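Let me begin by presenting the structure, written as structure tokens, before commenting on it.
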Amino acid sequence: NAGVTQTPKFQVLKTGQSMTLQCAQDMNHNSMYWYRQDPGMGLRLIYYSASEGTTDKGEVPNGYNVSRLNKREFSLRLESAAPSQTSVYFCASSGRGGLARETQYFGPGTRLLVL
Amino acid sequence: AQSVTQLGSHVSVSEGALVLLRCNYSSSVPPYLFWYVQYPNQGLQLLLKYTSAATLVKGINGFEAEFKKSETSFHLTKPSAHMSDAAEYFCAVTADTGRRALTFGSGTRLQVQP
């Protein structure tokens, strides 16, 4: 099993450019999440999808959009990148049962630099 | 709403010494608590979790944590540090109400000196 995969691994954008971060999981999980990690701030939730067909805002959703394409895939889009979006982005998935106590499994991350 | 505070952004221990990483949480409902480890340039890996069964939880690589409701704490310990334990450690909380995503602490970077 590959677990949670993310593409690309690294990306450099200019201010105002757009891009989509891709995430896929092969564990038949219902819930998927996007986090960003910034130094000294831990991970903060951007958006999540409790099940196929549903998405909800997290703690820091401004400047992002998401699409739960199917049960396996959950993409994160930056429509007009800003330097404040320079960060490491992690996708995670959990739960055949969608329960809070179920372990979240994380992808390897995407490092994004916005100039 | 839940929150997590990790005391000490950097902790340094000698190889063979006790590791103690502190985590305090705030939650208005019974929490589920997690410790994750992140090695350089990698994703997060689960060390252990508390889900309201035994209060002393054993995890991978010799780590354990004790849930203390009266102290709202979930500190991570390991009796004897190895060089390979050098990494960043995150405590996280969630619950069965509201958004079921994790709320993370700011992390503690563990250095192990030879």
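The values are calculated or read from the model by the stated rules, or taken from the named source; none is laboratory data. Here the structure is a predicted model, which is why all the values come from computation and not from measurement. As a convention, Cβ positions derive from the backbone with ideal geometry for all residues, glycine included, and neighbour counts pool all protein chains shown. Surface accessibility is based on the protein's heavy atoms, side chains included, excluding ligands, DNA and RNA. Shrake-Rupley method; radii C 1.70, N 1.55, O 1.52, S 1.80 Å.
Just a few scattered comments:
- Lys/Arg +1, Asp/Glu -1 at C-beta; the protein assembly as shown dipole; positive extreme among B:Val4, A:Thr103, A:His29: A:His29
- Exercise: per-residue mean of other protein chain Cβ atoms within 10 Å, B:100-112: 5
- For residues of B:55-64, the mean tally of beta carbons on other chains within 10 Å: 0
- Sorted peptide list for B:80-88, A:82-90, criterion being average Cβ within 10 angstrom, highest first: A:82-90, B:80-88
- Virtual spin-label span in nm between B:Tyr39 and A:Leu115, 7 Å along Cα→Cβ: 3.2 nm
- Percent of Cα pairs exceeding the 19 Å cut-off, where the set is segment A:1-109: 39 percent
- In this structure, the residue pairs whose Cα-Cα separation is over 31 Å, taken from A:Lys57/B:Lys49; A:Lys9/B:Lys68; A:Lys9/A:Lys71; A:Lys71/B:Lys49; A:Lys9/B:Lys58; A:Lys9/A:Lys57, are A:Lys9/B:Lys68; A:Lys9/B:Lys58.
- In Hz, Karplus ³J(HN,Hα) per residue of segment B:3-12 (6.51, -1.76, 1.60; θ = phi - 60°; x = Gly, Pro): 8, 9, 10, 10, 7, x, 7, 9, 10, 10
- Cα→Cβ-extended label distance, 7 Å offset, between B:Ser9 and B:His82, nm: 3.0 nm
- Distance-filtered residues of segment A:54-71 - backbone nitrogen under 19 Å, label point 7 angstrom along A:Thr7 Cα→Cβ: A:67-71
- Note, ³J(HN,Hα) from phi for segment B:38-52, Karplus 6.51, -1.76, 1.60, rounded to Hz, x at Gly and Pro: 10, 8, x, 6, 10, x, 8, 10, 5, 8, 6, 8, 10, 10, 6
- A cut-off of 5 Å between modelled amide H atoms, ignoring neighbours fewer than 5 places along the same chain, links B:Val19 with B:Lys78, B:Ser80, B:Ala81.
- Peptide A:104-114 has a mean shielding of 3, counted as Cβ atoms of other protein chains within 10 Å of each residue's Cβ.
- Karplus-based coupling profile of segment A:10-25, in residue order and whole Hz: 8, 8, 10, 10, 9, 3, x, 6, 10, 6, 10, 9, 9, 9, 9, 10, with θ = phi - 60° in 6.51 cos²θ - 1.76 cosθ + 1.60 and x standing for Gly or Pro.
- Simple spin-label estimate for B:Leu46 and A:Lys71 gives 1.9 nm between the two label positions (7 Å along the Cα-to-Cβ direction from each Cα).
- Accessible surface of the protein assembly as shown [probe 1.4 Å, protein heavy atoms]: carbon and sulfur percent: 49 percent
- For the pair segment B:1-45 / segment B:48-84, the C-alpha centres are spaced 10 Å from each other.
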